[in-house]
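Undergrad: One structure coming up, written as structure tokens, with questions to follow.
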Amino acid sequence: MLRYLTRRLTSLGLSLLLASALIFSVVELVPGDPASFMLGTGAQPETLAALRQQMGLDLPLPLRYLRWLGGVLSGDLGHSFTYKTPVGGMILDRMQVSLPLALLALALAVAVALPVGLFAAARRGRPGDTLVMGATQIGISLPNFWFAMLLVLLFAVNLRLLPAGGFPGWSHPGAALKALILPAIALALPQAAILARVLRSALVETLGQDYIRTARAKGLTRAQVLTRHALRNALIPVLTILGMQFSFLLAGAIIIENVFYLPGLGRLIFQAITQRDLI
């Protein structure tokens, strides 16, 4: 057991190291220079070279990566060139928006996926099942940023029920939650479709097991068998997908946060990329 854990942890460490080196190299090789961005296109070459030296951009790429990696391992994520503040503090501030948004989107996805998956599994091969599977396929294929703009057009522009964007802060909890409803729905749509399809497949497979036929033979109705017995075992793959979806919702909301002008982690990443704010 210890050997297995050691092997797995070593593999995880090497994977993280390789991924960090690859991402760092890709970001560094993207056209654009933070010093040029900060000084503008009319900066003198001497001034530009001095700023690059001050920022450590004149060092070789492997050395810059080792310096960055050492800072990460010691808990120092560096300073933002644009905002002149520690990156760790900025991430914590933006997580106050991104984390509640991800949790709300995940809750909405589960609330939609569970009844939809149960409905489709209970009507396997019937028109209702076909309709649900077609709708979930559309939900997976539909771009969430386009769906987000439709939500803004309907609920913010036409009905004026919810704000179209912005975030008032948690000093006003009610207004803050209202500001997160539309982006959470836009994020939850594809995740709910995926969860519903996974749950439906797991339930269909579980309903063919021997203990399910035994439960039916004892007099339980199909609905009772579905909710009391089959659902428990079918939730295992769903929970696995759910854990993967949470990390995606937390870090993959770049487009949605920009659509709704939310000061979250996704918008911070987008701004860092566009401004060449390397650390």
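Undergrad: Could you sort the peptides 85-97, 186-198, 255-267 by per-residue average Cβ neighbour count (10 Å cutoff), highest mean leading?
TA: Averaged packing, sorted descending, gives the order 186-198, 255-267, 85-97.
Undergrad: Would you work out which of Thr214, Pro168, Ala135 lies farthest towards the positive end of the dipole of the stretch 134-263? Charges go on Cβ: Lys and Arg +1, Asp and Glu -1.
TA: Thr214
Undergrad: Between Thr47 and Leu103, what length comes free when the chain is fully extended (0.36 nm per residue of separation minus the Cα-Cα distance, one decimal in nm)?
TA: My answer for the length gained is 15.5 nm.
Undergrad: Per-residue accessible area for Phe145 at 1.4 Å probe radius, Å² rounded to 10?
TA: That residue has around 90 Å² of solvent-accessible surface.
Undergrad: Given the C-alpha centroids of the stretch 248-274 and the stretch 19-97, what is the distance between them in whole angstrom?
TA: 19 Å
Undergrad: Separate question: Take the solvent-accessible surface of the protein heavy atoms, probe 1.4 Å, and return the percent of it on the stretch 181-279 that carbon and sulfur atoms account for.
TA: About 65 percent, which is the carbon plus sulfur part of the accessible surface.
Undergrad: How do Arg228, Arg3, Arg67 rank by accessible surface area computed with a 1.4 Å probe, from largest to smallest?
TA: Arg3, Arg67, Arg228
Undergrad: Sticking with this one: Using alpha carbons only, how many degrees (0 to 90, rounded to 10) separate the axis of helix 127-141 from the longest principal axis of the chain?
TA: Here the helix axis deviates by roughly 0 degrees.
Undergrad: Using only Cα atoms, tell me the angle between helix 87-122 and the longest principal axis of the chain; keep it within 0 to 90° and round to the nearest 10.
TA: Helix 87-122 and the main axis of the chain meet at about 20 degrees.
Undergrad: At 1.4 Å probe radius, can you tell me the per residue accessible area of the stretch 155-226 in Å²?
TA: 51 Å²
Undergrad: Let me ask something else about it. Taking the Cα centre of the stretch 92-204 as origin, work out the dipole magnitude from +1 charges on Lys and Arg Cβ and -1 charges on Asp and Glu Cβ, in debye rounded to 20.
TA: 300 debye
Undergrad: Hey, got the dipole for the stretch 178-251? About the Cα centre, +1 on K and R Cβ, -1 on D and E Cβ, debye to the nearest 20?
TA: 300 debye
Undergrad: Considering the dipole of the chain built from charges on the beta carbon (Lys and Arg +1, Asp and Glu -1) around the Cα centre, which of Leu18, Leu187, Phe260 is farthest to its positive end?
TA: Leu187
Undergrad: Using heavy-atom solvent-accessible surface (probe 1.4 Å) with all chains present, what is the largest-first order of Ser171, Ser98?
TA: Largest accessible area first, the residues go Ser171, Ser98.
Undergrad: Among 174-180, 122-128, how do they line up from the highest to the lowest mean number of other beta-carbon atoms within 10 Å?
TA: 174-180, 122-128
Undergrad: How much of the accessible area of the stretch 9-106, in percent, comes from carbon and sulfur atoms when a 1.4 Å probe is used?
TA: Here it works out to 70 percent.
Undergrad: Quick one: if you stick a label point 7 Å off each Cα along the C-beta vector at Ala223 and Tyr4, how many nm between them?
TA: Taking the simple label geometry, Ala223 and Tyr4 are separated by 4.3 nm.
Undergrad: Which angle from 0 to 90°, rounded to the nearest 10, does the C-alpha axis of helix 61-73 make with the longest principal axis of the chain?
TA: 60 degrees
The values are calculated or read from the model by the stated rules, or taken from the named source; none is laboratory data. Fair warning: this is a prediction, and the values are worked out from it, not measured in the lab. Cβ coordinates were reconstructed from backbone atoms using ideal geometry, including for glycine residues, and neighbour counts include every protein chain displayed. With ligands, DNA and RNA removed, areas are computed over all heavy atoms of the protein, side chains included. Shrake-Rupley method; radii C 1.70, N 1.55, O 1.52, S 1.80 Å.
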